1. For the pair residue 92 and residue 44, what calculated FRET efficiency results from E = 1/(1 + (r/R0)^6), where r is the Cβ-Cβ distance and R0 = 30 Å, to the nearest 0.05?
2. How much accessible surface area, in Å² rounded to 10, belongs to the heavy atoms of residue 99 with a 1.4 Å probe?
3. Pop the C-beta distance of residue 194 and residue 163 into the FRET formula with R0 = 30 Å and round what comes out to the nearest 0.05.
4. Protein chains only, probe 1.4 Å: how do 92, 104 rank by accessible area, largest first?
5. Note down the nm distance, to one decimal, between modelled labels 7 Å out along Cα→Cβ at residue 186 and at residue 144.
6. For residue 59 and residue 77 in one chain, what is 0.36 nm times their gap in residues minus the Cα-Cα distance, to one decimal in nm?
7. Sticking with the crude label model, points 7 Å out along Cα→Cβ, report the distance from residue 126 to residue 202 in nm, one decimal please.
8. Take every Cα pair under 8 Å in the range 120-205 that's 6+ residues apart, average their separations, divide by the length, and report that relative contact order as a whole percent.
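The values are calculated or read from the model by the stated rules, or taken from the named source; none is laboratory data. All of these numbers come straight from a predicted model, not from anything done at the bench. Positions of Cβ are generated from backbone atoms using ideal geometry, with glycine treated the same way; all protein chains shown enter the neighbour counts. What goes into the accessible areas is simple: the full protein's heavy atoms, side chains included, and nothing from ligands, DNA or RNA. Shrake-Rupley method; radii C 1.70, N 1.55, O 1.52, S 1.80 Å.
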Amino acid sequence: MENDQYGILRSKKLPGLTWPEDLEGGPAPRAPEPKPEPAGPEGRWAETIVKIDRVQKVVRGGTIMRYRALVAVGNLMGAGGFAFGKGHSPQDAVARASRRAKTDLRFVDRHRDVALAHDVRGKHNNCTVDIYAVPPGKGMVGGALGRAIMTQLGFSSFTIKARGRRSPYSYVAATFDALANLASVEDIARKRGRRILEIEHALDRGRRY
């Protein structure tokens, strides 16, 4: 039979519709479009290029020149990281460092989504970084690199101070080491046997724990 049962059903359900296989020499049906890749972690990623160096490696056949980049990333919602990346161009090195930093993220808790719950201190080699908690709305005080790292993590009220040998890598590593010691408001309330609301009101008034 020329008209099979599927053709009869098509003509009954969709009268007047011309199918691609019914056209002589007509265009072939299009292939299904690929599904979009799943989205990454939530948040808008921001990155800071801390430093770019040109490095070389001496081999038997000559010298290989490459670039090394130190990049710190954050999603403005309490997640961030840092990493080194190497490439044959500065753009390639930055892209690789950014990808590596996003695979090794640190997550921190924020008070009112903008401030710290208590003072923290971090250290790397001879560099010591102190981050002081201030009430929400007091603003940012500190160096340009420290403000950039903290802003990428979503903080807007803090005071950061570095001491010792402040090389770029030591400064960044000490900053993330300090944030690793940051406790949440829930942890402070549980340790002190207080209600979370009491701790939050005390932090808003400028009390330090």
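1. Between residue 44 and residue 92 the formula returns 0.80.
2. Surface accessible to solvent at residue 99 totals approximately 140 Å².
3. On the way: r = 33 Å, r/R0 = 1.09.
For R0 = 30 Å, the calculated efficiency reads 0.35.
4. Largest accessible area first, the residues go 104, 92.
5. Calculated label separation equals 3.9 nm.
6. 2.0 nm
7. Reported label-point gap for residue 126 and residue 202 is 3.9 nm.
8. After rounding, I find 37 percent.
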